[in-house]
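Following: one structure in structure tokens, then a few remarks.
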Amino acid sequence: MDTALIGLVGVLIGALLAEHFRRRNLIDAYSQKIFERRLEIYEGLMALVQSGHAVASDVMSSESLTKEERHAAISEAILAIAEYTDENALYIDSEVAANSVAMLMGAEGIQDIEDETERAAEIAVLHRSYKTAKHIILEESGIRQINKHLKIVSKSKPDSPVIRRIRELERDAS
């Protein structure tokens with residue numbers, strides 16, 4: 001009787017373990033596919049954010065554009081990001097999407113600011129928003145963690161005066 005009970009318990013435990021490992025393997029298979037797809041989508045978002053920042057920089061520095069032309073250029077860049085994040089909402093975090101879209105808002109009006117100090121401050125805000133958006137995308141996509149891991153594996157320690165200055169500025173900003 002004891003032997004039969006031990007055998008029955010062993011079969012049940014074996015079945016439960018088999019199901020656990022089957023599900024885990026299935027999750028791992030899906031995770032790899034989802035990660036690859038998310039990475040591809042976040043690469044596209046990063047390209048749109050960079051393109052939008054370039055448009056904003058042009059709009060802010062060009063004195064030849066009318067107010068309507070500036071508004072149209074920024075609106076087009078914002079719309080491109082918004083449409084992309086909507087189309088890929090399954091993979092892009094909604095907060096990341098909102099931040100990416102909001103990054104450019106108001107850039108069209110910076111050229112109208114007459115006070116040079118105030119205009120410079122607004123330009124700095126836009127550049128910080130751009131830097132923050134890029135940072136968030138790198139974090140959310142997993143690229144920042146992967147890059148840290150790869151540096152550990154490769155034991156890479158790049159060094160130059162420029163790199164040291166960047167590190168110093170990043171430490172001061174923290």
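Residue-level analysis places VAL153 among those that are of a type in the set (A, V, I, L, M), farther than 21 Å from HIS53 by Cβ and either free of Cβ contacts under 8 Å to residues at least 40 places away in the same chain or surrounded by 11 or more Cβ atoms within 10 Å (Cβ to Cβ) (or both).
In the condition set (1) at positive phi; (2) in contact with a helix residue (DSSP H, G or I) (Cβ under 6 Å, 6 or more places away or on another chain), GLY106 is compliant with all but (2). For the stretch 109-132, the set of residues classified as closer than 16 Å to ILE78 by Cβ and either in contact with an Asp or Glu (Cβ under 9 Å, 6 or more places away or on another chain) or among the hydroxyl-bearing types (Ser, Thr, Tyr) (or both) consists of GLY109, ILE110, SER129, TYR130, listed by residue number.
State yes or no: is ALA56 in a helix (DSSP H, G or I), closer than 18 Å to LEU126 by Cα and under 17 Å from the mean Cα position of the chain (by Cα)?
Numbers: in a helix (DSSP H, G or I): yes; closer than 18 Å to LEU126 by Cα: yes; under 17 Å from the mean Cα position of the chain (by Cα): no.
Considered against the rule, which asks whether it is in a helix (DSSP H, G or I), closer than 18 Å to LEU126 by Cα and under 17 Å from the mean Cα position of the chain (by Cα), ALA56 comes out as no.
I'm trying to understand the selection: among the residues of the stretch 98-134, which are of a type in the set (Lys, Arg) and surrounded by 14 or more Cβ atoms within 10 Å (Cβ to Cβ)? So that I can check it myself, show each step before the final result.
Filtering the stretch 98-134 down to residues of a type in the set (Lys, Arg) leaves 119, 128, 131, 134.
Answer for the stretch 98-134, where residues must be of a type in the set (Lys, Arg) and surrounded by 14 or more Cβ atoms within 10 Å (Cβ to Cβ): ARG119, LYS134.
Taking the stretch 111-141 on its own, how many of its residues are in contact with a Leu (Cβ under 7 Å, 6 or more places away or on another chain) and not polar (S, T, N, Q)? Residues flagged as in contact with a Leu (Cβ under 7 Å, 6 or more places away or on another chain) and not polar (S, T, N, Q) within the stretch 111-141 amount to 1.
Pick from ASN99, ASN147: which is under 30 Å from LYS67 (Cα atoms), out of contact with any Phe, Trp or Tyr (no Cβ under 8 Å at 6 or more places or on another chain) and not aliphatic (A, V, I, L, M)?
Numbers: ASN147 fails: under 30 Å from LYS67 (Cα atoms).
Sole residue among the options that is under 30 Å from LYS67 (Cα atoms), out of contact with any Phe, Trp or Tyr (no Cβ under 8 Å at 6 or more places or on another chain) and not aliphatic (A, V, I, L, M): ASN99.
Under the condition of being hydrophobic (A, V, I, L, M, F, W, C) and more than 30 Å from ILE78 (Cβ to Cβ), which residue from the stretch 133-174 is nearest to the chain's Cα centre (by Cα)? Spell out how you get there, then give the answer.
Taking the stretch 133-174 and keeping what is hydrophobic (A, V, I, L, M, F, W, C), we get 133, 136-138, 143, 146, 150, 152-153, 162-163, 166, 169, 173.
Next cut, more than 30 Å from ILE78 (Cβ to Cβ) only: 150, 152-153, 162-163.
On the way: LEU150: 19, ILE152: 22, VAL153: 24, VAL162: 25, ILE163: 23 Å.
Result: LEU150.
Computed from the coordinates by the stated procedures, all read-outs in this text should not be read as laboratory data. On a predicted model such as this, the values are computed, not experimentally measured, just so you know. Every residue, glycine as well, gets a Cβ built from its backbone with ideal geometry; the counts of neighbours run over all protein chains shown.
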